[in-house]
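Student: The structure's right below; bear with me while I get my questions together.
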Amino acid sequence: MDVRYNPFDMERAARLALNPRLLFVAKFFANIKILNAVITLFFLHRGLPIDQVIYLSAIFGAATLVVEVPTGYIADRWGRRATLQAGMICLALSQFINLFASDFLTFAASFIVLAFASACFSGTEEATLYDSLKELGRESQMTRYWGRLLSAQNLPKIFFPPIGAFIAKDLLDWQFQTLLWVDIAAALVGMLVLFFVIEPKHERDVEAYEEGIFRESVRTVRERPLLLRAALNKVTPAIVSVLVWRAYQPYLMDLGASVIWLGIFYVFMHGAVFSLRWASEWAEAQFGDARVLNATAWMMALALLCSTLVPNAWIVSLFLVLFFAGNALREPMYSHWMNRQIHSRSRATTLSNLNVFRAAIDVPLMLAGGALAVLDVRWTLLLCASLCLFVFLFLRIPADDGRMVE
């Protein structure tokens, strides 16, 4: 009998096939984030000025710079499931600190813990999914499954943050604390779901371990400069989206929007993002991943520029939906393109190494964005628009032939 069809292997394949669904469910609970529709207003309510709110993202970037690569290495060497579970625990701990935080330093501690949580997910989640599909012989479907997994970030945000905006409509502290407890409970449920994930096989040959996973991943980036260019093509708009996310709530409020409208906006924004991520495989087949990655950078720049020129909360909200949707469409295609270039044995570590560039860029951009927000939030949005335009003009990535590195 062919050993590929013995009962043990068939049972493992059946369990392995559940990994995408389990990762989806875990990501769903990690991203309920019922506070998010009013998160910037929460920080302002606790006494932070808008520039310090943005500077917290710089703290996040600096902490990520320190912990990103070690967590990727740990995931490749000691286990991806355990690394993801550690991320869930840190996510809950970060929100627990927020229950009592009322000054910049305490919030900074929360963001450092949050950075460790994010680093545990970064690269690890993607590598777990890709190598699960690879073991099943379905790695060509990465765009579809990664798009669906990323959509798990948005599905709960269609429903829960709008409810949070309604609960916190008076911006009272007990209302904010109620939302924080919901987020803590959701992260712990996500951690429990991950117990059912089975570790996929990834290459572990003697040469790789003698050389060291970390050294191989660094060599991969050094010998293939296109990977760095592609990483910058992806991470720059991603950083910009965080900066816009930190600034848009007070900007819409200044234009006359209500807290309830922020919740409604969240429904439309994440509804659009969720739909586009599910349609990413179709868009890739129609236009190609590189073409979409390049074109969406231009679309994001245009949307941000228009949002600074029209003093109407409803119209600005529409442009912001287009901006966030453009960023969302990029991620699944970038993942499929990038994973074709990387060895599975060091996949999580290499992806983490590339994400370090995001952390390095994160800090100065957040500091600049915070300083500009003190003058006028529109200057922050214009900075973001110029960065997206820079990506479109100077960091374009070419279409490849789709061949695997393995």
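Student: What are the residue pairs meeting all of these: first residue in segment 150-174, first residue polar (S, T, N, Q) and surrounded by fewer than 21 Cβ atoms within 10 Å (Cβ to Cβ), second residue modelled with pLDDT of 80 or more and part of a loop (DSSP other than H, G, I, E, B), Cβ atoms under 8 Å, and 6 or more apart or on different chains?
Tutor: Correct list of pairs: GLN153/ASN31.
Student: Out of ALA279, ALA290, which single residue is over 24 Å from LEU393 (Cβ atoms) and not basic (Lys, Arg)?
Tutor: Numbers: ALA290 fails: over 24 Å from LEU393 (Cβ atoms).
Within the list ALA279, ALA290, the selection yields ALA279.
Student: Another question, then. Which numbered condition in (1) part of a helix (DSSP H, G or I); (2) at pLDDT 80 or above is the only one that ARG396 fails?
Tutor: Here ARG396 clears every test but (1).
Student: Among the residues in segment 100-123, are any of a type in the set (Asp, Glu) and buried (at least 20 other Cβ atoms within 10 Å of the Cβ)? Walk me through how you get there before you give the answer.
Tutor: If we filter segment 100-123 for residues that are of a type in the set (Asp, Glu), which is where we start, we get 103.
Filter again for buried (at least 20 other Cβ atoms within 10 Å of the Cβ), leaving none.
No.
Student: Given the criterion of a type in the set (Val, Ile, Thr) and surrounded by fewer than 20 Cβ atoms within 10 Å (Cβ to Cβ), identify the matching residue among VAL235, VAL240, VAL321, VAL273. Lay out the reasoning, then the answer.
Tutor: On the way: VAL235 fails: surrounded by fewer than 20 Cβ atoms within 10 Å (Cβ to Cβ); VAL240 fails: surrounded by fewer than 20 Cβ atoms within 10 Å (Cβ to Cβ); VAL273 fails: surrounded by fewer than 20 Cβ atoms within 10 Å (Cβ to Cβ).
Answer to the selection: VAL321.
Student: I would also like to ask the following. Test LEU381 against the stated conditions and say whether it is at pLDDT 90 or above, more than 29 Å from ALA285 (Cβ to Cβ) and crowded, with 20+ Cβ neighbours inside 10 Å.
Tutor: The answer is yes for LEU381.
Student: While we're here: Quick check: anything in segment 32-41 in a helix (DSSP H, G or I), in contact with an Asp or Glu (Cβ under 7 Å, 6 or more places away or on another chain) and either at pLDDT below 85 or polar (S, T, N, Q) (or both)? Show your work before the answer.
Tutor: So the first thing to find is which residues in segment 32-41 are in a helix (DSSP H, G or I), and the list is 36-41.
Checking which are in contact with an Asp or Glu (Cβ under 7 Å, 6 or more places away or on another chain) leaves us with none.
Within segment 32-41, none of the residues are in a helix (DSSP H, G or I), in contact with an Asp or Glu (Cβ under 7 Å, 6 or more places away or on another chain) and either at pLDDT below 85 or polar (S, T, N, Q) (or both).
Student: Further, regarding this structure: Of the residues LEU293, LEU255, LEU243, which single one is aliphatic (A, V, I, L, M), in contact (Cβ under 8 Å) with a residue 12 or more places away in the chain and in contact with a Cys (Cβ under 6 Å, 6 or more places away or on another chain)?
Tutor: LEU243
Student: For segment 113-140, which residues satisfy the criterion of being of a type in the set (Gly, Ala, Ser) and under 15 Å from the mean Cα position of the chain (by Cα)? If you could, list the steps in order and put the result at the bottom.
Tutor: Of segment 113-140, the ones of a type in the set (Gly, Ala, Ser) are 115, 117-119, 122-123, 127, 132, 137, 140.
Across segment 113-140, the qualifying residues are ALA115, ALA117, SER118, ALA119, SER122, GLY123, ALA127.
Student: Still on this structure, I have one more. So in segment 308-317, with the set limited to residues that are touching a residue at least 12 places away in the same chain (Cβ under 8 Å) and more than 23 Å from the chain's Cα centre (by Cα), which one is nearest to SER258 (Cα to Cα)?
Tutor: That would be ALA313.
The values are calculated or read from the model by the stated rules, or taken from the named source; none is laboratory data. Treat the numbers as computed from the prediction; the structure is a model and nothing was measured. Quick reminder, even Gly has a Cβ in these numbers, built from the backbone with ideal geometry, and neighbours come from all protein chains shown.
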